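This report concerns only the one structure given below.
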Amino acid sequence: MSSPKTSRPVEVAHRTGPVSNSLAASRLGTWSIIFFTVAAAAPETVVGGGAVSGFAVSGITGIPVGYLAIALVLGLFAVGYVTMARHVENAGAFYAYIAKGLGRIPGTAAGGVAVLAYTMVQISLVGGFGVGAADFLRQVGGPDLPWWVFAGVGLILVGLLGLLRIDVNGRVLGVLLIAEIAVILFYDLAFLTDPAEPGVSLTTLNPAQLGTGAAGVILVIAFTGFIGFENSTVLAEEARDPRTVSRATYLSLVVIGGLYGFSTWAMTVATGPEHIVAQAEEHSTELLFVLAADRLPAGLVTTGSALYVTSLFAGMLSFHHVCARYFFALGREGIGPRGLAATSSRTSAPVAGSVTQSVLTVLVVGLFAMTGWDPVTYLFFWGASGGALGVLLLVTATSLAVVGYFLRVPAPGHGIWRTLLAPSLAALVLGGVLHLTIRSFGTVLGVPPGDPAAWMLPGAYLAVVLAGLGWGAVLRSRYPDSYARIGMGARSITIPRSEERIDAG
């Protein structure tokens, strides 16, 4: 047995054969990354599913203005975020940024939070896809099959695509994304040209709603729709140059924020602002298509329903890639099992991370299938809301990490706005949003006061943070080689333990 001070090597040397431990470089341009990030946000899923569920569960009408507010907040966050992306390229983006800016032990905890948060989001989309596909098949006169059958088919397809070249997946997502955005905008036009009484109203876009006690619920529901915008930096190691990541991040925020705010507002115009909650409760995720059916030919409604299902699939695929790359990054740098760093020598896909994510998803979906738990409420909506809380934790901590990093590392040419002021303001605002979110999380989930679910999901993140901090301390004391590589990305396979750099965190 080795001594407690024996260093544990974490690198997997490059070699010929079925696996290596590096991702494909210079394969993704600006639009490919935008397709990944916006597809992860799943526009039609958010507008037709997440927003409608938010109206129904919360009973609040101000969700459209919440989307616009969150877009502005995340735009502020992105200033420092993309600036740091020029200095840190790592497939475990949030984890690496926090390790570099706040220290390796907090970075280790952030890695655990990221895996839990993104896995929850990805699995929630699988549940939504299964239900959506089953409903669509019944709608077109097909057989009535259980939701988990379609979830299983989707899992197989995503698992296979996860093993292919990343740019091939980008083209698949691009086709699906363009089609669904076109349909959403066509629906929006129909709603605005044929409004319900009292006509076109801006009530649900009134910023005054963010000054009420409902602000926390509005903002957390809105934030859920933006999960995925930050994934541009996860793909930084596979981007053509750092400017590609910056452009993709800003453009993705503009597309997501503008589309969500406009489209959810158009829905309230179609129902009348005072009726949107009641109609969301009555029709659930069918509301978007019920409203469209009153105004458009049946063929366009059916097309929209089909694209709702493909939107869920695109989100599943995009987040599968994100989860796989986080597993890869944690394995490569010694926080997780070294086998997670395995990539295909043919496609450079993170095969071990991809397979791991597929197995976890199968286990959760199988549990829901066997128990009969409601996949819409408990898997889709609660899973996405829980994942959003984790991402909000990471975004807030990353804002602080950007400040910490640039206080130590010279950044000539960036300026104080990008390196200190913008990320500090973002941390302050996001911290407020996080506080409101935790306080109102029971309302977000639609549970009565005192229900255990209101604290169990936030409590799970607290447990992961504490476990991560403990594991980071163990790595520091027992495995110094592994500890030295935390957050180092591709350099982790070459940097010796004795090398100390100011940017190592």
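The values are calculated or read from the model by the stated rules, or taken from the named source; none is laboratory data. Just so we're clear, the structure is a prediction, and the values are computed from it rather than from any experiment. Neighbour counts are summed over all protein chains in view; Cβ atoms, including those assigned to glycine, are modelled from backbone coordinates with ideal geometry. Keep in mind that these areas ignore ligands, DNA and RNA; they rest on the heavy atoms of the full protein, side chains included. Shrake-Rupley method; radii C 1.70, N 1.55, O 1.52, S 1.80 Å.
Please state the relative contact order of the chain as a whole percent: Cα pairs under 8 Å, 6+ residues apart?
On the way: 921 pairs, mean separation 180.6, N = 505.
This gives 36 percent for the chain.
Kindly report the accessible area of the range 267-341 per residue (heavy atoms of protein chains, probe 1.4 Å, no ligands, DNA or RNA), in Å². Don't jump to the answer; show the numbers that get you there.
Working: 2110 Å² over 75 residues.
Accessible surface, normalised per residue, equals 28 Å².
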By how many degrees, between 0 and 90 and to the nearest 10, does the Cα long axis of helix 298-332 differ from the longest principal axis of the chain? 10
extent check for the range 146-227: Cα max minus min per principal axis, descending, whole Å, gives 49, 33, 32
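With a Förster radius of 35 Å, plug the Cβ-Cβ distance of H275 and A467 into 1/(1 + (r/R0)^6) and report the FRET value to the nearest 0.05.
0.15
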Through the Karplus equation 6.51 cos²θ - 1.76 cosθ + 1.60, θ set to phi - 60°, convert the phi angles of the range 201-218 into ³J(HN,Hα) values in whole Hz; use x for Gly and Pro. 10, 9, 3, 6, 9, 6, x, 4, 5, 7, x, 9, x, 8, 4, x, 5, 4
Between V474 and T193, how many nm apart are label points set 7 Å from Cα along the C-beta direction? 6.3
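Run lengths n ≥ 4 of DSSP H only: what is the helix-derived mean residue ellipticity at 222 nm for the chain, with -39500 (n - 2.57) per run over all residues, to the nearest 500? List each step's numbers first, then the result.
On the way: 18 runs with 325 residues, N = 505.
Calculated mean residue ellipticity at 222 nm is -22000 deg cm²/dmol.
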For Cα extents along the principal axes in Å, the listed values are (1) 96, 58, 52; (2) 70, 56, 43; (3) 72, 49, 45; which was obtained by calculation from the structure presented? (3)
Using modelled backbone amide H atoms (1.01 Å from N, in-plane), which distant-in-sequence or interchain residues come within less than 5 Å of S344's amide H? S20, A349, V351
Based on the alpha carbon coordinates of the range 314-389, what radius of gyration and maximum Cα-Cα distance (Dmax) apply, in Å? 14.3, 41
Simple spin-label estimate for S345/L363, 7 Å along Cα→Cβ, in nm, reads 3.0
